[in-house]
Amino acid sequence: MKPLLLQNYDVFLFDLDDTLFDHSGAYKRGVDETLQNFPILAEINQTEFFHTFTKHNHLLWSKFALKEINFEEFSIMRLNNTLMDFNITADSELLHQMVKGFQTSYLQQISPQHKTIQFLSRLSREIQVGIVTNGTVFNVYDKIERLALTNIFPESSVIVSERIGIFKPHKGIFQHSLDLFKVEASRTLFIGDNYFTDISGANSVGMETLWINRHDYVAPGEVQPDITVKGLLDMEGLIFGNEKREPYGQTTGN
């Protein structure tokens, strides 16, 4: 694979969930822990509950994106609809306790990845970097703080879909990003794991794209990413080649 030349770009924009950290794993562990912490859920099969919870998350997301419901309503409805599928009834107070429990547990699953910090810290000294996420103001900045990435991605460099009212893959959020960073699309690389929201979306305004394709999927649409890698840290070799990595304290985490 050809090198990734920094001189060809003015900014690298990253998706957050499942690009900069393992959101899916944290989400699954958060759901499982919630089941264990509430007796009313104790008899439910974890796998079945997770799939049902995820189903209702997807079904309700468009309502949240269209501002038909706010994030609190989204969170309550997602859980309540899941419980209804298992013939479980919970009052409002218990629903709020379980939602808060899940949100807390999910965030607790997120921790710094030292090799990622090392790579992104080095990269940010060479080029502008930012985040564009289909997320909520409620927890996006908490995630970045828990990942120990706040110094690399200060709030001014983080574009949150809920805050601006436009969600990927709509062209508007990508154009907003270009305007914020005062860059041209042709000088921008967008890095993400979701083919439709990240790769197709960024391509629609003329950005170059790097697809983090962990499972070797075939691109499901006509748009082809400019670069495809298996994981975020594969970018390091493309950019810096075999240069010796800078030490990061005394830690050698993954």
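The values are calculated or read from the model by the stated rules, or taken from the named source; none is laboratory data. In this text the structure is predicted, and so the values were computed from the model without any measurement. Backbone-built Cβ (ideal geometry, glycine too); neighbour counts: all protein chains shown.
Being within 17 Å of the chain's Cα centre (by Cα), within 26 Å of Thr209 (Cβ to Cβ) and outside any strand (DSSP E or B) narrows it down to one residue among Ser111, Ser24; which is it?
Values: Ser111 fails: within 26 Å of Thr209 (Cβ to Cβ).
From the options Ser111, Ser24, the qualifying one is Ser24.
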- Has the stretch 58-68 got any residue that is at pLDDT 95 or above, assigned to a loop (DSSP other than H, G, I, E, B) and either among the aromatic types (Phe, Trp, Tyr) or over 30 Å from Ile152 (Cα atoms) (or both)? yes
- Query: Condition test on Leu35, is it surrounded by 16 or more Cβ atoms within 10 Å (Cβ to Cβ), aliphatic (A, V, I, L, M) and not in a loop (DSSP other than H, G, I, E, B)?
  - Reply: yes
- Residues located in the stretch 130-156, provided they are within 15 Å of the chain's Cα centre (by Cα), within 24 Å of Lys171 (Cβ to Cβ) and either of a type in the set (Lys, Arg) or modelled with pLDDT of 95 or more (or both): Gly130, Ile131, Val132, Thr133, Asn134, Val140, Phe153
- Restricting attention to the stretch 210-226, does a residue exist that is among the hydroxyl-bearing types (Ser, Thr, Tyr) and either without any contact (Cβ under 8 Å) to a residue 12 or more places away in the chain or closer than 18 Å to Asn8 by Cβ (or both)? no
- Tally time: how many residues in the stretch 50-97 are more than 26 Å from Phe167 (Cβ to Cβ) and crowded, with 17+ Cβ neighbours inside 10 Å? 2
- Message: Here's a check for you: in the stretch 134-161, which residue that is small (Gly, Ala, Ser) and under 21 Å from Arg122 (Cβ atoms) is surrounded by the most Cβ atoms within 10 Å (Cβ to Cβ)?
- Response: Ser157
- Are any of the residues in the stretch 169-178 outside any helix (DSSP H, G or I) and modelled with pLDDT of 95 or more? yes
